[in-house]
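Q: Before we start, here is the structure in question, set down as structure tokens.
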């Protein structure tokens with residue numbers, strides 16, 4: 001997980017979370033902020049405004065998930081989004097002009 005926040009600008013929140021990463025609740029909060037996200041996420045913002053309980057894998061929400069997945073695919077196709085073309089990985093191939101910072105930073 002440490003590789004996930006090398007590009008986050010330094011600030012008091014990141015410093016707090018990383019300096020206490022082995023303690024609850026900081027470890028959970030850091031994970032929510034920087035861990036790899038699941039492929040699909042679905043939240044009921046009326047009952048979970050913080051979007052902490054992912055419902056994408058819950059059986060009773062599969063119809064909603066499928067409907068939203070189809071709507072997104074249709075929209076991306078209609079708007080000629082590059083992720084729907086022959087080279088969907090184009091965003092990952094752009095040249096990087098700055099170095100990735102190491103964590104923890106050297107003193």
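The values are calculated or read from the model by the stated rules, or taken from the named source; none is laboratory data. None of these values were measured; they are calculated from a predicted model. Virtual Cβ from ideal backbone geometry, glycine too; neighbours counted across all protein chains shown.
Q: So, in segment 62-86, exactly how many residues are in a loop (DSSP other than H, G, I, E, B) and surrounded by 10 or more Cβ atoms within 10 Å (Cβ to Cβ)?
A: So the answer is 2.
Q: Can you find even one residue in segment 1-16 that is modelled with pLDDT of 90 or more, surrounded by 12 or more Cβ atoms within 10 Å (Cβ to Cβ) and outside any helix (DSSP H, G or I)?
A: No; the residues of segment 1-16 include none that is modelled with pLDDT of 90 or more, surrounded by 12 or more Cβ atoms within 10 Å (Cβ to Cβ) and outside any helix (DSSP H, G or I).
Q: Just the residues that are without any contact (Cβ under 8 Å) to a residue 12 or more places away in the chain and under 14 Å from residue 8 (Cβ atoms), please, taken from segment 20-36.
A: Answer for segment 20-36, where residues must be without any contact (Cβ under 8 Å) to a residue 12 or more places away in the chain and under 14 Å from residue 8 (Cβ atoms): just 21.
Q: Looking at segment 28-61, which of the residues that are surrounded by 14 or more Cβ atoms within 10 Å (Cβ to Cβ), within 19 Å of the chain's Cα centre (by Cα) and modelled with pLDDT of 90 or more is nearest to residue 72 (Cα to Cα)?
A: Here the answer is 42.
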